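Student: The structure that follows is given in the form of structure tokens.
The values are calculated or read from the model by the stated rules, or taken from the named source; none is laboratory data. Because the structure is predicted, anything quoted here is derived from the model rather than measured. Using ideal geometry, Cβ is built from the backbone for each residue, glycine included, and neighbour counts are taken over all protein chains shown.
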Amino acid sequence: MNDLLDQDYSLKLAKKHVEEYSKQDSIKALHNEAMECRDCEDWLEIGLEAFRWLKQADQTIRQAAVEGFAVSSSAPNSIATLYRAWLRPCDRAEGLAKEQIGRGFRLKNLTEFREACEFVRQQVRIIDLEDALDEAQQGEVFDEVFWQRAALKRSDQSDSSR
Amino acid sequence: MELRIQEYSADLLSQIQSFECGTDDWCRHAERWIKSAPPFRGAIESIETHGNKVWLYFVDVDVFDEKYLVGFSSLGKVKWKIPPPDGLEREAAFIPMLAVSLRFQGKPEGENTKHYSDEIMEHVIRVAREQGHRELCLYVHEDNARARRKYEKHGFSVLGSKNSKGNLAMLKVLDNQLSEGGQPSALESGPRLGDAAAL
């Protein structure tokens, strides 16, 4: 009789432990997801911190140049390179952030991070426009075809004025 | 209010740091261009490197004894070679940058008033003509429809297909006299019409 009771008790204990173990498994999975979300937030924060430093450096050096202080001639290129480098991991960070949102998490710094991304993207587009202006000033925007069409246009105008 | 024109130089940099003309990329580019000091690329650097002329346009408000920056324009030269890449070098006038402050965009109040942008365009075109140039060119971003309409209104036509940065090359022929004085026309020494027909 005692043996039967012991067996029953043993089974109950075992069941309780198995259930606990299973529960821990899902808790662990939830914990891992939460940790991943925190890691993602941390990563975005590192990006934001880098962004603040970079923006500050850009503004400070530009202002120094405006105020007539000596500025290294390599500074504009260095800043441009850093903006481009900052953008590189952004798509992956955005992908990871979307995964967290899909799991129902809310990232406290995502809005600020996205604003930073847009700001840097615009800086890079402006740098491209500066390159384009340089090319134009070198005459590269105005190519052979352009001048041939211009010659035709002048010819049309002088014909119509005769 | 009448525009007062002042040639731009480095000592005016501090006066234009609050200039704003919009939020589009080309507006931000224009703002940065006029506000930057070397070694950063911009108006001052373009004056020093390319010999460009840059003008600021102000209106004076007597009541407050204040002046407001309406906008700016610029004029430079582009070089091109016929036949490319090692032919004779020629020059044509080029507008590197032109912008009107957000505050002064649109038609000013009052009868018979012109848009400030039109006054600024007319000034640049007049100077290019006075310098003896026969062709005036510029480039505009393909998405910048407003600027493109403005340039077309002043006689510019798109002659170049867009380049890799999305820019369209535009040109205005400044007069119809093929052999008037001043600098030699880029086009007079350029490709013959027979060549152009092969396009």
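Student: Hey, could you check segment B:1-25 for residues that are hydroxyl-bearing (Ser, Thr, Tyr) and more than 10 Å from chain A (Cβ to nearest Cβ) and say which is farthest from B:Leu102 (Cα to Cα)?
Tutor: This residue is B:Ser9.
Student: I'd like to know if segment A:100-108 contains one or more residues that are among the hydrophobic types (A, V, I, L, M, F, W, C), in a loop (DSSP other than H, G, I, E, B) and within 14 Å of chain B (Cβ to nearest Cβ).
Tutor: The answer is no; no qualifying residue exists.
Student: While we're looking at this one, here's another question. Across segment B:80-116, which residue is surrounded by the fewest Cβ atoms within 10 Å (Cβ to Cβ) among those that are under 16 Å from B:Lys172 (Cα atoms) and modelled with pLDDT under 90?
Tutor: Filtering first and then ranking leaves B:Glu91.
Student: Quick check on segment A:109-162: of everything there that is over 30 Å from A:Gln59 (Cα atoms) and more than 7 Å from chain B (Cβ to nearest Cβ), which residue is surrounded by the most Cβ atoms within 10 Å (Cβ to Cβ)?
Tutor: A:Glu140
Student: Cβ contacts < 8 Å: first residue in contact (Cβ under 8 Å) with a residue 60 or more places away in the chain, restricted to segment A:45-66; second residue assigned to a helix (DSSP H, G or I) and charged (D, E, K, R), any location; separation 6+ or different chain. Result?
Tutor: The qualifying pairs are A:Leu48/A:Glu112.
Student: Filter segment A:44-69 for residues that are out of contact with any helix residue (DSSP H, G or I) (no Cβ under 8 Å at 6 or more places or on another chain) and more than 10 Å from chain B (Cβ to nearest Cβ); which is surrounded by the most Cβ atoms within 10 Å (Cβ to Cβ)?
Tutor: A:Glu45
Student: Which condition breaks for B:Arg28 when tested against (1) in contact (Cβ under 8 Å) with a residue 40 or more places away in the chain; (2) among the basic types (Lys, Arg); (3) facing chain A (nearest Cβ under 8 Å)?
Tutor: (1)
Student: Please give the number of the condition A:Glu94 fails out of (1) over 30 Å from B:Pro39 (Cβ atoms); (2) not in a helix (DSSP H, G or I).
Tutor: Here A:Glu94 clears every test but (2).
Student: Let me ask you something else. Condition first: in a helix (DSSP H, G or I), over 30 Å from B:Gly160 (Cβ atoms) and not hydrophobic (A, V, I, L, M, F, W, C). Can you find one or more residues in segment A:130-153 that meet it?
Tutor: Within segment A:130-153, none of the residues are in a helix (DSSP H, G or I), over 30 Å from B:Gly160 (Cβ atoms) and not hydrophobic (A, V, I, L, M, F, W, C).
Student: Is it true that some residue in segment B:7-21 is in contact with a strand residue (DSSP E or B) (Cβ under 9 Å, 6 or more places away or on another chain), assigned to a strand (DSSP E or B) and modelled with pLDDT of 95 or more?
Tutor: Yes: one or more hits.
Student: While we're here: Suppose we keep only residues that are more than 8 Å from every other protein chain (Cβ to nearest Cβ) and in contact (Cβ under 8 Å) with a residue 40 or more places away in the chain within segment B:31-50. Which one would you say is nearest to A:Ala136 (Cα to Cα)? Break it down into steps so the answer makes sense when it comes.
Tutor: Here is the first cut: in segment B:31-50, the ones more than 8 Å from every other protein chain (Cβ to nearest Cβ) are B:31, B:34, B:42-45, B:47-49.
Within this subset, residues satisfying the condition of being in contact (Cβ under 8 Å) with a residue 40 or more places away in the chain are B:31, B:34, B:43.
Numbers: B:Glu31: 18, B:Ile34: 17, B:Ala43: 14 Å.
That would be B:Ala43.
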